[in-house]
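**Q** This is the structure I want to talk about, given as structure tokens.
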């Protein structure tokens, strides 16, 4: 989206600046290519933004720095100070305490959830927007409203429900014979919850696709199944990329369900596991910092690589007012 | 769904709406039923039915150990307990949520300002955007830990290095930054409601936003003092903002501002540049061009941001729980969870009643959001 900034710039032609009351007297000083209101506010603006940016980066920078130092050094000199020596020992220790396995747990929960959420929301969006049925709007309203429900409101009955389902789960170590405490339970609740938001976004996107596309296919005798997989789904690729990126971080960052449904420590996904780390490492800044960095790195990498999709996903949901 | 679809197959074609479905083969119809039915069943089963059960459980007494059958109906007793002095935890938690709403509201305004500034084609705008947005991709729990490790430590954290004087234990310290007596708070709430109502009518009557708001403000201040005069002495211990919750507020701001900024930046892209040009040719200065050209375009975004801000503030849980749920930092989310799991887990009825209070608070905003989004379909 930041790439879009450029064209707007060119649309504000120098001619307008001449007409504008504020800029008229400054034509001599302003560079011709880039119309500027005045020099001093620009300068202040830049200064303000860089100051803000620096202060925004301090916590991240401090955490990164602390994670490479040893504890004694931080204690003696404070968090922001020149490190005596850099070491990887905090990372090593964090991984030894089982963080590696927690990453695997996250992967086992995240990818099936993500796949199902996107598939389900496309199916509902497709069925509700391309075919007229009496309750289409009702379905969409229920999905959208459900997504805004506070998770704490529903978790006790969900817990009870999962306790009553018998299930032999080969994926989880802690096999208690019920659904509660398995990774599948977390996947199910993620799918149920997040499908609401994604359906809302996807159905808005599908409404913008011309009706003629599927109608033509219908005339040609294509089944609904074919229309979905061959026509509508490929056209939704940009929306899916955006939503997928956004949902990836949301699911990865889930703290609540991972900690209440999986109370066996070994099964917990990485983000929920951090609470245990805080108990064990609470006095050791370098370890807390290293663990935080390890947890933060995947989402930051995804964000830096897919920034466009990421922000697109966020605004897809918000733009429709 | 199934009954309505069956009707279509059985009855002759009656309207245009049905005739299109008539063209579908029965296989297609089954496909569509599954496409909606499976996700919908899952969603209803794991979101809406549990919500109904929570509502039912809030009228019951159950210890979470014996079978559900042994629970008994107690009417409004749970609500009575949590709203009266008998249980002293609801109002501090509600007050923290209220502070969070106000605070995140301020942060949203700052986010809007950032977006407005970045939209001015500053050099390095893209870099700034990435920097401000980065905390948003982190989990709030991780944000809490980063701030704990870097900023908040008593002897070595950055905030204590910057702030002179003896080190403050930001996360453990439940001392109050400010305190409100409950009679002042109640008067404030009454005055705030009065302000909103008066402002609404005054703006309609006078036609000027500022003048109307000014009249309403004077009225609200008078009402505040009048109500405070007649308000009885405080019933429960005073409410206030504790230092450790203040620390959590600062860390939340770090994340929230970037989030709102991105939403507004997208909205600002929708401002027609020629409108701005026209405004500046007509001699509009910056504030008035913002008010009359930019702000109206942002109105739909304002609605979304308002809902996101309030819902995020009401749902706040992760950071507070991850930082150990310290005394002074309770919010509704931790209160509900704490009453249902862990040490206090035996009070399902009370916990569900807390949950319903939280739900009712969110409910209005959920309705507003849904109506806002589906208005055109219904029309």
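The values are calculated or read from the model by the stated rules, or taken from the named source; none is laboratory data. Treat the numbers as computed from the prediction; the structure is a model and nothing was measured. Neighbour counts are summed over all protein chains in view; Cβ atoms, including those assigned to glycine, are modelled from backbone coordinates with ideal geometry.
**Q** Which one of B:251, B:316 is more than 9 Å from every other protein chain (Cβ to nearest Cβ) and within 17 Å of the chain's Cα centre (by Cα)?
**A** B:316 is the lone residue from the list that is more than 9 Å from every other protein chain (Cβ to nearest Cβ) and within 17 Å of the chain's Cα centre (by Cα).
**Q** When the range A:147-178 is examined, which residues are found to be surrounded by fewer than 16 Cβ atoms within 10 Å (Cβ to Cβ) and either out of contact with any helix residue (DSSP H, G or I) (no Cβ under 9 Å at 6 or more places or on another chain) or modelled with pLDDT of 85 or more (or both)?
**A** Scanning the range A:147-178 gives A:163, A:164, A:166, A:168, A:170, A:175, A:176, A:177.
**Q** Still on this structure, I have one more. Wholly within the range A:1-99, which helices (runs of 4 or more DSSP H) include no fewer than the required count, namely at least 1 residues that are within 33 Å of the chain's Cα centre (by Cα) and either modelled with pLDDT under 50 or at positive phi (or both)?
**A** A:5-11
**Q** Looking for something assigned to a helix (DSSP H, G or I), modelled with pLDDT under 80 and crowded, with 22+ Cβ neighbours inside 10 Å - is there at least one such residue anywhere in the range B:345-354?
**A** no
**Q** Report the residue count in the range B:70-85 for those that are in a helix (DSSP H, G or I) and over 30 Å from residue B:327 (Cα atoms).
**A** The total comes to 1.
**Q** Among the residues of the range A:112-126, count how many are closer than 11 Å to residue A:251 by Cβ and at the interface with chain B (Cβ under 7 Å from one of its Cβ atoms).
**A** Result for the range A:112-126: 0.
**Q** For the range B:320-335, give me the residue count where each residue is touching a helix residue (DSSP H, G or I) at 6+ places or on another chain (Cβ under 7 Å) and more than 9 Å from chain A (Cβ to nearest Cβ).
**A** 7
**Q** Restricting attention to the range B:274-282, does a residue exist that is in a loop (DSSP other than H, G, I, E, B), more than 10 Å from chain A (Cβ to nearest Cβ) and either within 18 Å of residue A:155 (Cα to Cα) or free of Cβ contacts under 8 Å to residues at least 40 places away in the same chain (or both)?
**A** The answer is no; no qualifying residue exists.
**Q** Shifting gears a bit: Would you mind telling me which numbered condition in (1) under 20 Å from residue A:147 (Cα atoms); (2) surrounded by 19 or more Cβ atoms within 10 Å (Cβ to Cβ) residue B:367 fails?
**A** Checking residue B:367 against (1) under 20 Å from residue A:147 (Cα atoms); (2) surrounded by 19 or more Cβ atoms within 10 Å (Cβ to Cβ), the one that fails is (2).
**Q** Listed residues B:246, B:219; which is surrounded by 15 or more Cβ atoms within 10 Å (Cβ to Cβ), part of a helix (DSSP H, G or I), more than 9 Å from chain A (Cβ to nearest Cβ) and in contact with a strand residue (DSSP E or B) (Cβ under 8 Å, 6 or more places away or on another chain)?
**A** Just a single option satisfies the conditions, and that option is B:246.
**Q** Checking the structure you have, find out if any residue of the range B:226-238 is under 30 Å from residue B:153 (Cα atoms), touching a helix residue (DSSP H, G or I) at 6+ places or on another chain (Cβ under 9 Å) and touching a residue at least 12 places away in the same chain (Cβ under 8 Å).
**A** Yes, there is a match, as at least one residue in the range B:226-238 is under 30 Å from residue B:153 (Cα atoms), touching a helix residue (DSSP H, G or I) at 6+ places or on another chain (Cβ under 9 Å) and touching a residue at least 12 places away in the same chain (Cβ under 8 Å).
**Q** Now a separate question. Working only within the range A:282-306, note down all residues that are farther than 21 Å from residue A:88 by Cβ and either crowded, with 24+ Cβ neighbours inside 10 Å or in contact (Cβ under 8 Å) with a residue 40 or more places away in the chain (or both).
**A** A:299, A:302, A:303, A:306
**Q** Now, a different point. Can you name every residue in the range B:23-48 that is farther than 25 Å from residue A:218 by Cα and surrounded by 15 or more Cβ atoms within 10 Å (Cβ to Cβ)?
**A** Once the filter is applied, which keeps residues that are farther than 25 Å from residue A:218 by Cα and surrounded by 15 or more Cβ atoms within 10 Å (Cβ to Cβ), the range B:23-48 yields B:40, B:42, B:43, B:44, B:46, B:47, B:48.
**Q** Contact list please: Cβ distance under 8 Å, first residue in the range A:154-183 and within 14 Å of another protein chain (Cβ to nearest Cβ), second residue at pLDDT below 65 and surrounded by fewer than 14 Cβ atoms within 10 Å (Cβ to Cβ), pairs at least six apart or on different chains.
**A** A:181/A:174
**Q** Quick one: is residue B:338 more than 30 Å from residue A:202 (Cβ to Cβ) and surrounded by fewer than 19 Cβ atoms within 10 Å (Cβ to Cβ)?
**A** Taking the combined requirement at face value, the residue does not satisfy it.
**Q** Then there is this: Looking at A:129, A:144, can you tell me which residue is at pLDDT below 95, more than 7 Å from chain B (Cβ to nearest Cβ) and either surrounded by 20 or more Cβ atoms within 10 Å (Cβ to Cβ) or more than 21 Å from residue A:183 (Cβ to Cβ) (or both)?
**A** Just one listed residue meets the conditions, A:129.
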